[in-house]
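Heads up, the thing below is written out as C-alpha cells.
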Amino acid sequence: MQELWGRKVLKKEVEDIVLLEEQAQKLATMQEVTEKTIQCLRCGQIHDKRSVQLVSGAYFCPECIQLGRVDTSQEFYHLPEPEPVKRTVYFAWKGTLTEGQQAVSNELLASVKNGESRMIWAVTGAGKTEMLFETIHHSLECGYRVGIASPRVDVCLELFPRIQAVFPEEAAILLHGKMKERYSYTKLLVCTTHQLLRFFKAFDVLIIDEVDAFPFVDNLILQYGVNHAIKKKGSLVYLTATPTKELTKKSAQKELKTSILPARYHRRVLPVPKLKWCYRWRETINKGKGPKALVTKLRSLVTRNDVLIFCPSISLMEQLKSVIEGEFSETPLACVHSQDPERLEKVLRMRNKEYRILITSTILERGVTFDGVSVIILGANHPVFATSALVQIAGRVDRRMDYTAGEVWFLHDGCTKAMKEAIKQIEKMNTLGIKRGLIDEV
Ligand SMILES: [Zn+2]
C-alpha cells in the first residue's frame, strides 16, 4: 500500500500487481482540453491531438517521455497519503545558528505552522540548509511528509547525506534519474524536481532549493510537477540566492511571504565585483594572444589567491588555456566544462590546491566552494552571464571563515544591464546586512 501513497505512477513502475488491481485508485493519464487538443496529466503539457496520435489510435505525451511513456491506453495508480500522526523524531543537529539564520528559521517555522508558503532569499554562502533543520524536525514530528527538491542532481547528492546526518534514525530516500535503488515510502525525501512528476498531493512541506537554476527556471513542466506534488494546504518553500523576476515580483506585491538573509555567517560584506575594460577579448584570444587586461589582473591576483576564470564559451576555453600557459609557465592550471569526463577530478584537484588557476564554463557558477579564491569573469558582457549567473559567480569568493582578500573582477568591452544589476543586487544586500547589524563594518 505504502508504495502508492502520494504517488501517481504507471503500471510498469509498480512492483505489487495485486495492490494495483484491488486497492489502487486509478487516475486518467491525459484529458481532452478542446476537440483538437489534449493535456498530459503528468507534466501538464497541452498537445495538438494530430501530432501525438499513435498507430493504435491512442494519444501519448512526448514531453515527459523520459519518465516512461504516458498514453491514453494507460492509467495512473495512486493512493492518498494517510492522515498525519504525531510522533517523536530524533534530532541530532548540535550546531548553532547565527542571529540572522535564527530569525529566518523562526519565520519559516511559523509559516509552516500556518500552512503558508515562503521564499527564503539568502545570499550565496549564507548557510541556508541549516535554517531548514528546525522546520523539518517540527514537520516530521507532526507526522508530515517533507520533500526537498532541487533542479540540480549534484545539489541533491550533496544535500542528502547532510539531511541524513541530522535525522539519523529517520528513513529517508534520495530520488534522481540515475539512481538504482528501488522507490520506497518515507516521510523524508530528497529528489530532483523531475521526480516530483511522479507524486500527487504527497507533501505537507515541499522545499525547492536553487529555484532559479536550470532546468527549473522558466520550465512549466517542472512547475506543474511542484504544484501537483504538494497537498492543497501544504507549505511550499523556495530557497534562492538569486530569485527570478517572477518571484521577486510576487514577493514585492506581498503575494509570497519572504525572509531575506543579507549576510554570511562570518559577518563580512559580500565582495562587490570590480569592472575592468578588456577590449576585443575574444578576437585577441582567437589570435593566440593574451588580452593585456586579463594577464595583468591575473598576475596580481594569483600572488594572493588561487583564481577561477569564467569563460563564456567552451570553444574559446582551450585557446585561452594555451594562451595562459604561455604567460604563466610555472603555474599549474586546467580547464573544465560540462562535457569534460574528468570534471569531478579536476574540481577536486583545484580544491586540494594542485592547480592555482582553473578556467571554467558556467558549470562552476554555483554549488561549489573553494578555499581562498579570486574570480575573473572574462567577457562578463557575454549574454550567457545573466544577472543571476554573475551574482552566483561573485558568490564563490570569501565563503570560508578565514579571510583571504579574494576579489571579483568583471572583464568586459561594454557594460551590460545584467552586470549593473548584479553589482546593484550585491551592494543592496550589503547595505541591508549592515543596517540589520549582521555585518561588522571595518
Ligand atoms: Zn507529459
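The values are calculated or read from the model by the stated rules, or taken from the named source; none is laboratory data. All figures in this text were calculated on a predicted structure; none of them were measured in a lab. Virtual Cβ from ideal backbone geometry, glycine too; neighbours counted across all protein chains shown. In case anyone asks, the SASA skips ligands and DNA or RNA and just uses the protein heavy atoms, side chains included. Shrake-Rupley method; radii C 1.70, N 1.55, O 1.52, S 1.80 Å.
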Mind pulling the angle between the C-alpha long axis of helix 99-113 and the longest principal axis of the chain? Nearest 10 degrees, somewhere in 0 to 90. 20 degrees
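Counting heavy atoms of the protein chains only and a 1.4 Å probe, report the per residue accessible area for the chain as a whole number of Å². Don't skip to the answer; put the middle values down first.
Values: 20720 Å² over 442 residues.
Averaged over the residues of the chain, the accessible area is 47 Å².
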Over the Cα atoms of the stretch 274-435, what Rg and Dmax result, in angstrom? 15.0, 49
Stretched out fully, how many nm does the piece from residue 154 to residue 85 gain, at 0.36 nm a residue minus the Cα gap? 21.6 nm
Computed Rg/Rh of the stretch 99-261, alpha carbon atoms with Kirkwood Rh: 0.92
In degrees from 0 to 90, rounded to the nearest 10, what is the angle of the helix 417-435 Cα long axis to the longest principal axis of the chain? 90 degrees
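Carbon and sulfur atoms: what percent of the 1.4 Å accessible area of the stretch 99-261 do they account for? The partial results should precede the final answer.
Working: 3420 of 6470 Å².
Exposed carbon and sulfur together represent 53 percent of the surface.
What length, rounded to one decimal in nm, is gained on full extension from residue 162 through to residue 13, with 0.36 nm per residue of separation minus their alpha-carbon distance? Intermediate results must be reported in sequence, preceding the final value.
Values: separation 149, 0.36 × 149 = 53.64 nm, distance 2.87 nm.
Value of the extension gain: 50.8 nm.
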Apply the Karplus curve 6.51 cos²θ - 1.76 cosθ + 1.60, θ = phi - 60°, to the phi angles in the stretch 367-373 and return the couplings in whole Hz, x for Gly and Pro. x, 10, 10, 10, 6, x, 10
Kindly provide the helix-only [θ] at 222 nm of the chain, computed as the sum of -39,500 (n - 2.57) over DSSP H runs of four or more divided by all residues, to the nearest 500 deg cm²/dmol? -8500 deg cm²/dmol
Longest to shortest principal axis, alpha-carbon extents of the chain, angstrom: 73, 54, 41
Rounded to the nearest 10 degrees, the helix 220-229 long axis (Cα) sits at an angle to the longest Cα principal axis of the chain of 50 degrees
Where is the GNM fluctuation largest for the chain (alpha-carbon springs, 10 angstrom cutoff): 325, 345, 134? 345
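Find me the longest stretch of the chain that has none of the exposed chymotrypsin sites (Phe, Trp or Tyr not before Pro), where exposed means in a DSSP loop (not H, G, I, E or B) with at most 13 other Cβ atoms within 10 Å. Intermediate values should be presented prior to the final figure.
Working: sites that count: 90, 279, 403.
That would be 91-278.
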Can you give me the C-alpha center-to-center distance between the stretch 319-353 and the stretch 383-407, rounded to a whole angstrom? 19 Å
Per the chain, cysteines lacking a partner by the 4.7 Å Cβ criterion: 142, 156, 191, 278, 311, 335, 415
Under a GNM of the chain (C-alpha, springs under 10 Å), which listed residue has the highest mean-square fluctuation: 181, 22, 210? 22
